[in-house]
Every structure is written in C-alpha cells, then in structure tokens.
Amino acid sequence: MRLVLIAIFLFSSLYAKSGILDIQWPKPNPKHQKPSIPYPDVLTKNIGNTKLPVYIPSSYAYDENMSVIGNENFYTISFLLDGATVAITGDKTYQESVPASNPEFKAIMKASPPVEFIRAEGIMMAEFNRHGVNYSMVIECDKPNKDERCTQTTLIKELYTRLIMVGGRP
C-alpha cells in the first residue's frame, strides 16, 4: 500500500504545476545537544542533502533496519514492526499556488488544526505542518481491522509526541 501511495504521489507530481515551499526554520535551542551515539549510517547518508527538517519518532532513531529515501525536497523513512509498518514523510513541494485573495479559496479555506489523526482504508495517519513543510506519519497494519495500532489513535498519538529532528538543512 505504501508503494502504491508513493507511486501515485510521484505520478501526480509529474503532471502538476509545482514549486518549492520556503521553510521557516526554528531557532536553535542551546539546551539541545547532539546525540552521544551517532545515528545509523542508513539515516545520515540518505538525508544528507535534504533541505527540510527531518523528523522521526525518538524510539526509532537508532533502528539500523529503517528504510530511508530522500532528496532535497522530500523524504520517507519507514520502520518495520511486528505485523505493521510505520512511515514518516516530509515534503516541501506543492502542486499549485492559489492567491489568498481568491474568493473561491477564501470560501473553502479554514484554519487547519496543528495535527490531524485520521483513519482511512485501514491505515492510521497523522497529518501536520511544521516550518512550512507538510508531514505525514502512517501506520499500516497487516490486519488493519483487528490490530489496535490501526483501529485506535493511541500509538499514532504517542509516536507524534515523540518526534525529534534528526537532520536536514536549510
């Protein structure tokens, strides 16, 4: 399912008017230090050129079996669990620019919540925006209608509260 979603995204971006969003980077916090143990090579090598903040749940930061795909404006990192997969994607591309003064835009636009937890097609998702970047965290279960990780928001909310920035650059 994850590969289907990525393929649809990539296909749609080939035929859509697109661009790159500007990122509002957070100011450094001097209280935060670099990790005492280096992150796995699979993570650091594949996000080295990413020009957006890279977030993952802290509980998976040292998982050497993670799968990482990244370029300047997009990344996906996935983790295999017993009977499920967790993936987080950051994307600063957009499909079309609409001026805020457009009356149709004003009629349909509403304030977005800081994070939305959604269950769709047996997949649990968290959708949020930080620094002008769109992020999506997904839990996909082998048995989506029986596995509590995909029927309840408990795990996705817990993972969301544990997000840490592990890389990226302006």
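The values are calculated or read from the model by the stated rules, or taken from the named source; none is laboratory data. Note that the structure is predicted; figures quoted are calculated from it, not measured. Cβ sites come from the backbone with ideal geometry, for glycine too, and all protein chains shown count toward neighbours.
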Could you list, in sequence order, the residues of region 138-170 that are part of a helix (DSSP H, G or I) and either touching a Leu at 6+ places or on another chain (Cβ under 9 Å) or hydrophobic (A, V, I, L, M, F, W, C) (or both)?
-> Glu148, Arg149, Cys150, Leu155, Ile156, Leu159
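Using the structure shown, decide if Arg130 is buried (at least 17 other Cβ atoms within 10 Å of the Cβ) and modelled with pLDDT under 95.
yes
Just for region 133-152: of the residues that are within 17 Å of the chain's Cα centre (by Cα) and among the hydroxyl-bearing types (Ser, Thr, Tyr), which one is surrounded by the fewest Cβ atoms within 10 Å (Cβ to Cβ)? Can you show your working first?
Filtering region 133-152 down to residues within 17 Å of the chain's Cα centre (by Cα) leaves 133-140.
Imposing the further condition that a residue be among the hydroxyl-bearing types (Ser, Thr, Tyr) reduces the set to 135-136.
Values: Tyr135: 23, Ser136: 17.
Among those that are within 17 Å of the chain's Cα centre (by Cα) and among the hydroxyl-bearing types (Ser, Thr, Tyr), it is Ser136.
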State whether one or more residues within region 60-68 are closer than 19 Å to Arg162 by Cα and out of contact with any Phe, Trp or Tyr (no Cβ under 9 Å at 6 or more places or on another chain).
-> yes
Subset of region 43-68 [in a strand (DSSP E or B) and touching a residue at least 40 places away in the same chain (Cβ under 8 Å)] = Val54, Tyr55, Ile56, Pro57
Number of the exception - Ser58 against (1) surrounded by fewer than 19 Cβ atoms within 10 Å (Cβ to Cβ); (2) at pLDDT below 90 | (2)
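Out of region 112-162, which residues are more than 15 Å from Asp91 (Cα to Cα) and in contact with a Pro (Cβ under 6 Å, 6 or more places away or on another chain)?
Gly122, Cys150, Leu159, Arg162, listed by residue number.
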